[in-house]
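Working notes, structure below.
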Amino acid sequence: MRLASFLILAFAVVLPAGKAAAVQDQAGAQAFIRQLGDEAIELLRDNTRSSAGTVEGVRVLFRDSFDVPTIGQFVLGRHWRTATEPQREEYLSLFEDMVVETYARRFNEYDNQSFVVDGSRPEGDRDVMVSSRIVAPDGPPVQVMWRVRDRGAGNLQIIDVMVEGVSMAVTQRNEFSSIIQRNGGNIDALLQALRDQIATLRAGG
């Protein structure tokens, strides 16, 4: 689950040309996820980095590979519509910081897992679901599915990750919604909770 945490939702194509495009998209999506896995493992194995260097490495991977605005907006759900522009901007910044700080600190738990891409399937008219496994030296493999969206011109981005069938975006959405609801619909309460969580992580908690 440690590497899986970092490597941290049907459209039938009828025309032959559409099928060929889908196959090409799937191959590209698989290569994209395989490269991400290789880069993540290389970062995990780098013992020369400082804590700040590891955080920055995770941030670069996250920004390069994940569609942060789309994921962040989905996670905030219906509350995105009622949030002010300053709240939205701070929320997206805090959301990125929370994810980066959380998984940068989990890198210390890396224990020689390997990453294997198994295949893919079309999902919707723009997405591909790429299946993979995190294989540990001792213990069962962890199944991870990546939802990859084609933004055009070869620009692929991850918009969700499913670990053992559980969507990370949906899980986070439920958690954020619960915080807002417990505080009478106040989005500022979520922003403060995120600030507190990030401060705790940076303090080594």
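Quick look at the values:
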{"quantity": "Residue, surrounded by the fewest Cβ atoms within 10 Å (Cβ to Cβ), within the stretch 3-40, restricted to residues that are in contact with a Phe, Trp or Tyr (Cβ under 9 Å, 6 or more places away or on another chain) and at pLDDT 85 or above", "calculated": "38"}
{"quantity": "Within the stretch 84-200, strands (runs of 3 or more DSSP E) holding 1 or more residues that are in contact with a Pro (Cβ under 9 Å, 6 or more places away or on another chain), among the hydrophobic types (A, V, I, L, M, F, W, C) and within 19 Å of residue 35 (Cβ to Cβ)", "calculated": "114-123, 127-135"}
{"quantity": "Candidate set from the stretch 174-205 (those that are at pLDDT 95 or above and basic (Lys, Arg)); member that is nearest to residue 98 (Cα to Cα)", "calculated": "195"}
{"quantity": "Residue list for the stretch 159-199, restricted to those being more than 21 Å from the chain's Cα centre (by Cα) and either of a type in the set (S, T, N, Q) or closer than 29 Å to residue 123 by Cα (or both)", "calculated": "181, 183, 186, 192"}
{"quantity": "Test: residue in the stretch 71-93 that is within 20 Å of residue 161 (Cα to Cα), of a type outside the set (Lys, Arg) and modelled with pLDDT under 90", "calculated": "no"}
{"quantity": "Of all residues making up the stretch 124-162, the number that are farther than 19 Å from residue 70 by Cα, at pLDDT 85 or above and aliphatic (A, V, I, L, M)", "calculated": "4"}
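The values are calculated or read from the model by the stated rules, or taken from the named source; none is laboratory data. Predicted model only: the values in this text are computed from it and were never measured. Reconstructed Cβ throughout: ideal geometry from the backbone, glycine too, with neighbour counts over all protein chains shown.
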